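Participant: Let me begin by handing over the structure; questions about it come next.
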Amino acid sequence: MDAVIEELGRIGIVPVIKIDDVEKAVPLAKALVAGEIPCAEVTFRTAQGEEAMRRISKEVPDILLGAGTVLTTDQVDRAISAGAKFIVSPGLNPRVVSHCIGKGIPVTPGCSNPSDLEQALEFGLEVVKFFPAEQAGGLDYIKAISAPYPNLKFMPTGGINAGNIAKYISFEKIHACGGSWMVNADLINSGNFEKITALSREAVQSLLGFTVPHIGLNAGSGEAALNAAKLFSSLFGFPANDGNTSVFAGEKIEIMKLPSAPGKYGHIALETNSLKRARVYLERKGITFDPNSVKKDAGGNINVIYCNEEILGFALHLVQKK
């Protein structure tokens, strides 16, 4: 997969931006980066789009910049000249797609039926835009239409918001989601960039959906773990469930039998909608991971991994939500 498209998948959210005032472009891009969404799709829906891309490309190099609503080969060329690193179009125009491939710039054309998808496959594309997502049938339609095309992934756009992005991103064939709720025109035109940053952070947290399914306590031996679980049971009514390496007291407390379990005192499990994206998100914050702690599901996907860092003597590990 192209490196730029792969990076979009790691980020998971692509803000779709309509610029009416080019002076707002750079502070908007900085607000997105501050909000932990280091990418943007600036559309050609206004005359300001091209210059906005040019300024963002020059002044905010940390952002992965794309051009959206690209309808012609001329717009492809102008977008590349302005610094765009990827192209997004509302439909699949074979001439535009072919031109992008010839120019060596990744493109995600809009597709909404099997004929579109098969044209995309003919061009060798691995990721397509699904537009308009909610109006065209939403996630249920994507699941149905994607079944015959196991290697194709989707970037749904249109009707995606803070309330449904977690549902979309949890499906393995969703590469990223495009949306504009954190960058709506009123916020941009009024210069409310602090709000854009806040909404961007909220969007990232909605996508990742961190929860704590259980906390682990290190007992040091099987006997001590079982005794502790029995105490929890007698005091609070939590049933003890004995396993190979630990005993659960209820559903939220795991008591480790192993003499060398992770963490000085235990561990905290952090469940997430997307372990892959959560790992990237935390790595950007300086967190590192122990490759020897990886556990995989039957499909070969990582579903558990420990961080190298501890908080107050507790190890942290990510768990993929089922």
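The values are calculated or read from the model by the stated rules, or taken from the named source; none is laboratory data. The shown structure was predicted, so the numbers you read here are calculated from the model rather than taken from an experiment. Methodologically, a virtual Cβ is constructed for each residue, glycine included, from the backbone with ideal geometry; neighbour enumeration extends over all protein chains shown.
Participant: Considering only segment 119-135, how many residues are touching a residue at least 24 places away in the same chain (Cβ under 8 Å) and farther than 18 Å from His175 by Cα?
Facilitator: 3
Participant: If I ask for residues that are among the hydroxyl-bearing types (Ser, Thr, Tyr), surrounded by 19 or more Cβ atoms within 10 Å (Cβ to Cβ) and either touching a helix residue (DSSP H, G or I) at 6+ places or on another chain (Cβ under 7 Å) or within 18 Å of Gly209 (Cα to Cα) (or both), which ones from segment 147-182 would you list?
Facilitator: Tyr168
Participant: Let me ask another. Could we say that Phe171 is under 15 Å from the mean Cα position of the chain (by Cα) and part of a loop (DSSP other than H, G, I, E, B) here?
Facilitator: Judged against the criteria, Phe171 is a match.
Participant: Sticking with this structure for a sec: State which residue pairs qualify: first residue over 16 Å from Leu207 (Cβ atoms) and inside segment 28-46, second residue surrounded by fewer than 24 Cβ atoms within 10 Å (Cβ to Cβ) and of a type in the set (Ser, Thr, Tyr) in any location, beta carbons under 6 Å apart, and separation of 6 or more residues or different chains.
Facilitator: These pairs meet every condition: Ala31/Thr197; Ala34/Thr197; Thr43/Thr69; Phe44/Thr69; Arg45/Thr69.
Participant: Could you list, in sequence order, the residues of segment 1-25 that are over 29 Å from Asn151 (Cα atoms) and either surrounded by fewer than 16 Cβ atoms within 10 Å (Cβ to Cβ) or in the same structural domain as Glu283 (by TED's automatic domain parsing) (or both)?
Facilitator: Once the filter is applied, which keeps residues that are over 29 Å from Asn151 (Cα atoms) and either surrounded by fewer than 16 Cβ atoms within 10 Å (Cβ to Cβ) or in the same structural domain as Glu283 (by TED's automatic domain parsing) (or both), segment 1-25 yields Asp20, Asp21, Glu23.
Participant: Would you confirm, using the coordinates I've provided, whether Glu23 is of a type in the set (Asp, Glu) and either under 17 Å from the mean Cα position of the chain (by Cα) or outside any helix (DSSP H, G or I) (or both)?
Facilitator: It is false that Glu23 is of a type in the set (Asp, Glu) and either under 17 Å from the mean Cα position of the chain (by Cα) or outside any helix (DSSP H, G or I) (or both).
Participant: Could you check, for segment 150-158, whether at least one of its residues is of a type in the set (Lys, Arg), touching a Lys or Arg at 6+ places or on another chain (Cβ under 8 Å) and assigned to a loop (DSSP other than H, G, I, E, B)?
Facilitator: Within segment 150-158 (the criterion being of a type in the set (Lys, Arg), touching a Lys or Arg at 6+ places or on another chain (Cβ under 8 Å) and assigned to a loop (DSSP other than H, G, I, E, B)), the answer is no, since none of the residues qualifies.
Participant: Identify all residues within segment 291-316 that are of a type outside the set (Gly, Ala, Ser), touching a strand residue (DSSP E or B) at 6+ places or on another chain (Cβ under 6 Å) and either outside the structural domain of Arg279 (by TED's automatic domain parsing) or farther than 18 Å from Ser274 by Cα (or both); write none if there are none.
Facilitator: Within segment 291-316, Asn308, Phe314 meet the criteria.
Participant: Looking at Ala203, Ala144, which is the one that is surrounded by fewer than 20 Cβ atoms within 10 Å (Cβ to Cβ), assigned to a helix (DSSP H, G or I) and either small (Gly, Ala, Ser) or not assigned by TED's automatic domain parsing to the domain that holds Pro109 (or both)?
Facilitator: Ala144
Participant: Which one is farthest from Gly263 (Cα to Cα), of the residues in segment 217-246 that are in contact with a Pro (Cβ under 8 Å, 6 or more places away or on another chain) and touching a residue at least 24 places away in the same chain (Cβ under 8 Å)?
Facilitator: Result: Ser221.
Participant: For segment 87-98, indicate whether the set of residues that are of a type in the set (Val, Ile, Thr), crowded, with 16+ Cβ neighbours inside 10 Å, more than 21 Å from Ala162 (Cβ to Cβ) and free of Cβ contacts under 8 Å to residues at least 24 places away in the same chain is non-empty.
Facilitator: Within segment 87-98 (the criterion being of a type in the set (Val, Ile, Thr), crowded, with 16+ Cβ neighbours inside 10 Å, more than 21 Å from Ala162 (Cβ to Cβ) and free of Cβ contacts under 8 Å to residues at least 24 places away in the same chain), the answer is yes, since at least one residue qualifies.
Participant: Quick test for you: out of Ala198, Ala225, pick the one residue that is in the same structural domain as Ile253 (by TED's automatic domain parsing), hydrophobic (A, V, I, L, M, F, W, C) and assigned to a helix (DSSP H, G or I).
Facilitator: Ala225
Participant: When segment 26-43 is examined, which residues are found to be crowded, with 20+ Cβ neighbours inside 10 Å, part of a helix (DSSP H, G or I) and among the small types (Gly, Ala, Ser)?
Facilitator: Scanning segment 26-43 gives Ala29, Ala31.
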